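The values are calculated or read from the model by the stated rules, or taken from the named source; none is laboratory data. For clarity, every value in this text was computed on a predicted model and none was experimentally measured. Cβ: placed from backbone, ideal geometry, glycine included. Neighbour counts: every protein chain shown. Ligands, DNA and RNA are excluded from the accessible area calculation, which covers all protein heavy atoms including side chains. Shrake-Rupley method; radii C 1.70, N 1.55, O 1.52, S 1.80 Å.
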Amino acid sequence: MPTRRGTKTSKKKTAKKTSKTKKRKSPFGGPKKDDTFDFDIPEDIEERGGRIPAGQYPGKCVGVRKDVSSSGNNMWVWDVVITKGKHAGRDFIIYTALTDASLWKVQETLMAFGIDAAPGVSGSFSKKDVIGVLVTLVIEDDTYQGRKQSKCNALLPYEGGVGKRSKKGGRSFPPDEPDEEEEEGEEEEEEEEEE
């Protein structure tokens, strides 16, 4: 005869299942009996997307993609990240619309990566040509929907050399910069070539 819910038989089955569950240990640790969660947020914490001081910061490209703007213009969207200092790891997006009025911005951005974008030049590049390349981020204050925030307004050539590549492309932390020894070796090679 089948048993119905609420009978002694079904309670015994439930008790067995519960005891098996209690014996297993979670790889993430079990829940604490206490429902209180402690936290301590310092007064000087930055909001996500909050402001950082305006200025120039060393960074690198961690991604680029093709997209269409809200006004229907083709554009390239660049993902860049600060690689050194207190704000290392802070990422920004910079947009370069592919319109006649914005070609100066496309040219400026490509030249920051060491890509020849002189007037009259046509060409192409791939993601692997720019991802991991070190650049200088120009960060400025901006107001968006009534809220002040930091914005990457431009990319400039990296002060250590145009088109210089980080050891690791893409996102990698702790931040990486070219070795000083590597930079010194390249400078010595350049001096020898000049002689």
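Taking R0 as 30 Å, what FRET efficiency do you get between VAL77 and GLN56 from their Cβ-Cβ distance, rounded to the nearest 0.05?
0.90
Only Lys, Arg, Asp and Glu count, each charged at its Cβ (+1, +1, -1, -1), so figure out the dipole size of the range 53-134 about its Cα centre, rounded to 20 debye.
360 debye
Could you tell me the accessible area of GLU140 in Å² (1.4 Å probe, neighbours in place), rounded to the nearest ten?
Its heavy atoms expose roughly 80 Å² to the probe.
Rank PHE125, PHE113 by accessible area, highest first, at a 1.4 Å probe radius?
Descending accessible area places them as PHE125, PHE113.
How much length is gained if the chain between ASP142 and ALA101 is pulled fully straight, taking 0.36 nm per residue apart and subtracting their Cα-Cα distance, in nm to one decimal?
That works out to 12.6 nm of additional length.
Among MET111, MET75, what's the order by accessible area (1.4 angstrom probe), most exposed first?
MET111, MET75
Where does the range 112-157 land on Rg(C-alpha)/(2.2 N^0.38 Å)?
For the range 112-157, the normalised Cα radius of gyration comes out at 1.55.
For TRP76, TRP104, write out the residues from largest to smallest accessible area, computed with a 1.4 angstrom probe and no ligands counted.
Order by accessible area, largest first: TRP104, TRP76.
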